[in-house]
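Comments concern the structure below.
Computed from the coordinates by the stated procedures, all read-outs in this text should not be read as laboratory data. Because the structure is predicted, anything quoted here is derived from the model rather than measured. Please note: Cβ atoms are built from the backbone with ideal geometry, for glycine as well, and neighbour counts cover all protein chains shown.
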Amino acid sequence: MAGVVPFQAYVGYIIEETLGAQMNEPYDVYKAACPTATQNVATNLAHREKAIKDAAYGPLNPAEPNDEFWKKKADRWSVSIAEAKKSRCGNCAAFIQTTAMLACIDKGLSAGDPTKENSWDTIKAGNLGYCEAFDFKCASSRTCDAWIAGGPVKNGVKKESFKIGDFVRWDSNGSVAQGKIEKIVRDGTINVPNSSFSIKGEVDNPAMLIRIYKKFADGWKKTDTLVGHKASTLRSIQPLT
């Protein structure tokens with residue numbers, strides 16, 4: 001395999017399926033600079049601790065029931081526990097598993113990364129990837145409060161694109177709010193009605209005008225309140241009825 005970067009399996013992680021035919025790509029594919037956290041143990045650990053503290057990254061061992069952990073996630077996201085368990089790092093839009101990124105991770109591990117001996121990294125729970133949101137190596141079977149639908153990001157695969165009519169949720173002053181997208185702007189500005197707030201949309205991170213929904217005794221109902229958010233702050237949810 002001259003001219004090709006080898007990619008060894010790591011403590012039970014089955015990387016070959018993730019790379020597939022990409023294993024035969026030339027070394028030039030991998031020459032982009034690697035994130036510091038993939039090469040520096042101290043940086044990776046510090047960023048991971050921040051994800052644990054600020055976004056409840058976990059659980060430590062995804063193979064365990066972790067009932068309390070998933071109950072908290074379900075409550076935070078206003079979904080069932082079964083639904084919460086579907087929202088993992090491995091399908092998060094911030095989870096990077098491109099050929100180049102996996103090669104960066106392999107390079108760091110091959111250099112003698114002592115996190116091989118750390119329980120967070122050695123549990124055979126899923127493939128490693130790079131978390132773009134918190135800048136650290138994470139396992140696909142874990143999750144955190146910052147989960148965003150649309151991942152993982154692989155070669156030639158773009159993040160999810162929301163459409164008008166989708167229901168979404170987002171963090172709001174320490175809690176979670178839900179609503180329905182009524183307008184999307186990818187090149188321009190949304191002026192939020194009845195407020196002085198405006199939000200600029202970009203091709204890779206559109207601006208969204210969202211009508212807030214609230215839960216009443218007889219179910220979810222739309223309100224008169226409209227808010228603006230960037231797509232990167234939103235998570236997809238099931239329709240609210």
Where does the charge balance sit around L226 when Lys and Arg score +1, Asp and Glu -1, over other residues with C-beta under 12 Å from its C-beta? +2
Work out, step by step, the length gained on full extension between K200 and T36: first 0.36 nm times the residue separation, then minus their alpha carbon distance; give nm to one decimal. 56.0 nm
What does the extension gain come out to for I212 and D171, with contour length at 0.36 nm per residue minus their alpha carbon separation? 13.5 nm
Beyond 32 Å (Cα-Cα) in this structure, taken from K107/K230; K163/K215; K107/K163; K86/K183; K50/K183, we find K107/K230; K107/K163; K50/K183
